[in-house]
Amino acid sequence: MRVVAVEMSAREGSVALLESGEVVASVSWEERRENRQQLFDALKELAVDWASVDTFLVGRGPGAFSGMRISFSVVNALAAPGKQRVMAHNSGASLARQCGAARSVVVGDARREQLWVGVFEGVELVRGFELIGRDALAEWVDEGAVVLSPDRERLASVLEPFGAPGGVDEVPRAATLGEVVWERQVAGLDVELFEPLYLHPPVFVEPRFPA
C-alpha cells in the first residue's frame, strides 16, 4: 500500500511517502505563516503520481490551528479526483514513537495559560488529550514517564521540573506518523476520526454592527 502523509501541527512541517509501511522519501521544513507554498514544494519533491497513492494521511494534532486546517484541506483536495482513502491520526503518536519510551506524556502550549496533554503507552494513546492549567501537569506525569513537547522552548519553565529526553526529536514527523498508522492497520486497530483535534471550544464574536 502506498501512503502519502502530511504533518503540520508543530513548528516544522513534513511530508512523507511510504510503501507498505517503509519510508521511501520524506521532506521537512520550518513553518512560516507568510509562505504556505512550502507544503506544495515539499509534496512536489516526493515526485509521486497522486493517482498511484492508496491512502492520504494527515496528522490531526493537537497543535497549530492554521497548519492543521491547511493540511486537511490539501489532503482532501489530493484525494478527491481519484476518491482515494483519507485518514487522520493524532500527532502525539509520532512523538511517542520517536522517543520509544514505555510511557510518555505529550504536552503542548494551548495558549490562554493552558496546556494540552495526553498520555501514551508505547504509541497508543491511553489517556486522551485534554486542556489543563499550567500548574496541573504533575498530576498527569507518573513515575518513570517521559515528558515530550513540540513546544519545549515556549514551555521551558513549566517543563523544567520533569527533565528533558536527551537526543529525542520532539517534532512530530509525517514519516513516523505513517509508520504508526501502518502498524495499527496491520494489527486491525481502530481508525481515528478524520478531523483536527481542536481542544478549545469555538469562539463566537459579536458583530460590531447590526445586520
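Values quoted throughout were computed directly from the atomic coordinates according to the rules given, and no laboratory measurement underlies them. Owing to the predicted nature of the structure, the values given are computational and were not obtained by experimental measurement. Glycine also receives a Cβ, built like all others from the backbone with ideal geometry; neighbour counts cover every protein chain displayed.
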Pick from the stretch 81-99 the residues that are free of Cβ contacts under 8 Å to residues at least 40 places away in the same chain and either surrounded by 19 or more Cβ atoms within 10 Å (Cβ to Cβ) or in contact with a strand residue (DSSP E or B) (Cβ under 9 Å, 6 or more places away or on another chain) (or both): which of them is nearest to residue 153 (Cα to Cα)? 85
Conditions first: (1) outside any strand (DSSP E or B); (2) in contact with a strand residue (DSSP E or B) (Cβ under 8 Å, 6 or more places away or on another chain); (3) surrounded by fewer than 18 Cβ atoms within 10 Å (Cβ to Cβ). Residue 111 passes all but one, so which condition is the exception? (2)
State whether one or more residues within the stretch 44-64 are in contact with a strand residue (DSSP E or B) (Cβ under 9 Å, 6 or more places away or on another chain), more than 18 Å from residue 172 (Cα to Cα), free of Cβ contacts under 8 Å to residues at least 40 places away in the same chain and acidic (Asp, Glu). yes
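Look through the stretch 131-153, keep the residues that are assigned to a loop (DSSP other than H, G, I, E, B) and touching a Gly at 6+ places or on another chain (Cβ under 9 Å), and return whichever of them is surrounded by the most Cβ atoms within 10 Å (Cβ to Cβ).
Going residue by residue through the stretch 131-153, those that are assigned to a loop (DSSP other than H, G, I, E, B) are 141-145, 149-153.
In the following step, the residues that additionally are touching a Gly at 6+ places or on another chain (Cβ under 9 Å) were identified as 149-151.
Details: 149: 24, 150: 26, 151: 20.
Residue satisfying both the conditions and the ranking: 150.
Can you tell me how many residues within the stretch 87-108 are more than 18 Å from residue 161 (Cβ to Cβ) and part of a strand (DSSP E or B)?
The number of residues fulfilling the criteria is 3.
Within the stretch 1-43, can you find the residues that are without any contact (Cβ under 8 Å) to a residue 40 or more places away in the chain and within 18 Å of residue 82 (Cα to Cα)?
Step one: of the stretch 1-43, the residues without any contact (Cβ under 8 Å) to a residue 40 or more places away in the chain are 17, 19, 22, 24-25, 27, 29-43.
Once the filter is applied, which keeps residues that are without any contact (Cβ under 8 Å) to a residue 40 or more places away in the chain and within 18 Å of residue 82 (Cα to Cα), the stretch 1-43 yields 17, 43.
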